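Computed from the coordinates by the stated procedures, all read-outs in this text should not be read as laboratory data. Owing to the predicted nature of the structure, the values given are computational and were not obtained by experimental measurement. Please note: Cβ atoms are built from the backbone with ideal geometry, for glycine as well, and neighbour counts cover all protein chains shown.
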């Protein structure tokens, strides 16, 4: 289902098939059909109340509007670095190469596979990749359709590539980067 250009995932669980019992228990499903709305973390937010067409459509629209998240892309690396410094967050730079199919994959991945709680801990920039771009060259960003990490407080401001080909590996890398960044900030606070 699409709501104003944003995807809303619908998941059908067939209760007569194996594996459904755990979901039924988790959400307290006692009768059928039951429609449970959740946020991106899987926490129940509402249940379908009315069954008439207008009521169902309205409830899906309201839920999509409230819970569909959009990655908070900043339009330049400079703005992401400034936001990172101001909010004391590390920076992720997504170097978009529209000719490369991985660009669409990574953008979709950010929207659907990474917890919003993780995404909001970074200042994120999406920039068009060009081998001729002097700023990208200076940051050692040499490849498009790739995600890079920057420490906004590092004077050398060099980008480190983050592998985004595997969702689980990418999430672990982001968690590790956040952990290292927090350690660095804590160490600097104690020293200064």
*With axes computed from alpha carbons, what is the tilt in degrees of helix 101-112 against the longest principal axis of the chain, rounded to the nearest 10 within 0 to 90?*
60
*Based solely on its DSSP helices, what 222 nm [θ] is calculated for the chain when runs of n ≥ 4 H residues each add -39,500 (n - 2.57) and the sum is averaged over all residues, nearest 500 deg cm²/dmol?*
-13000 deg cm²/dmol
_Under the rule a/c < 1.5 gives rounded, and otherwise a/b versus b/c splits prolate from oblate, where does region 30-77 land using the Cα gyration tensor?_
oblate
_Please compute, for the alpha-carbon atoms of region 80-192, the extent along each of the three principal axes and give them in descending order in Å._
46, 32, 19
*Assign one of three labels to region 132-192, namely rounded, prolate or oblate, based on the Cα gyration tensor with a ≥ b ≥ c the square roots of its eigenvalues; rounded applies when a/c is under 1.5, prolate when it is not and a/b is larger than b/c, and oblate otherwise.*
oblate
*Using the per-residue mean of other Cβ atoms lying within 10 Å as a proxy for protection, in what order, highest first, do the peptides 166-173, 42-49, 118-125 fall?*
118-125, 166-173, 42-49
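Rounded to two decimal places and with Rh computed the Kirkwood way over Cα pairs, what is Rg over Rh for the chain?
1.07
At a threshold of 8 angstrom on Cα-Cα distance, excluding pairs fewer than six apart, so keeping six or more, what relative contact order does the chain reach in percent?
It comes to 17 percent, rounded to a whole number.
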*Springs between alpha-carbon atoms under 10 Å, Gaussian network over the chain: tell me which of 96, 13, 36 tops the mean-square fluctuations.*
13
*Tilt of helix 167-191 relative to the longest C-alpha principal axis of the chain, in degrees (0 to 90, nearest 10)?*
50
